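The values are calculated or read from the model by the stated rules, or taken from the named source; none is laboratory data. Small disclaimer: the values here were computed from a predicted structure and weren't measured. Positions of Cβ are backbone-derived with ideal geometry, glycine not excepted, and every protein chain shown enters the neighbour counts.
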Amino acid sequence: MRKRVFLLYTGYIWTKSLLGILFYPRSYVRTTIRRPVLLPVLFSPLIALALLFIAAKISSYLISVTGIAREAVAIFLSTTLISILFWQLLLLYLLVSYLFALLKKE
């Protein structure tokens, strides 16, 4: 039972953190600076990017797409790639700027 409670709690914290990153990135990064245990959550867009590449590679072996559907899939994947990369860059920028501000303050 304790393992189950721990998994539920971890899932709750991870979901709450991801929603914080999604809707309030500036305040969430500031909160993460105060609690460094939550720092790995800031790199979740990279995890999502890795999962996207793995899913695309597996599906390319299983599903054969031709014609206009192939172009639609390519547009979707490239748009997703660019948006995830920009989101990760925003989070890294906020993290570095808050760390510099914290070091300057001390």
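So the values come out like this:
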quantity	calculated
The stretch 8-30, subset in contact with a helix residue (DSSP H, G or I) (Cβ under 7 Å, 6 or more places away or on another chain) and free of Cβ contacts under 8 Å to residues at least 60 places away in the same chain, residue farthest from A48 (Cα to Cα)	Y28
Qualifying residue in the stretch 57-75 (condition: closer than 25 Å to G20 by Cα, at pLDDT 85 or above and not β-branched (V, I, T))	no
Residues within the stretch 83-99 that are surrounded by 12 or more Cβ atoms within 10 Å (Cβ to Cβ), of a type in the set (A, V, I, L, M, F, W, C) and over 12 Å from L39 (Cβ atoms), tallied	5
Leading residue by the ranking (nearest to W14 (Cα to Cα)) among those in the stretch 51-61 that are hydrophobic (A, V, I, L, M, F, W, C) and surrounded by 11 or more Cβ atoms within 10 Å (Cβ to Cβ)	L52
In the stretch 22-48, the residues that are within 21 Å of L103 (Cα to Cα), assigned to a helix (DSSP H, G or I) and not aliphatic (A, V, I, L, M)	P25, R26, S27, Y28, R30, T31, T32, R34, P36, P40
Residues being loosely packed, with under 13 Cβ neighbours inside 10 Å, among the aliphatic types (A, V, I, L, M) and either over 20 Å from the mean Cα position of the chain (by Cα) or in a loop (DSSP other than H, G, I, E, B) (or both) - total across the stretch 62-82	7
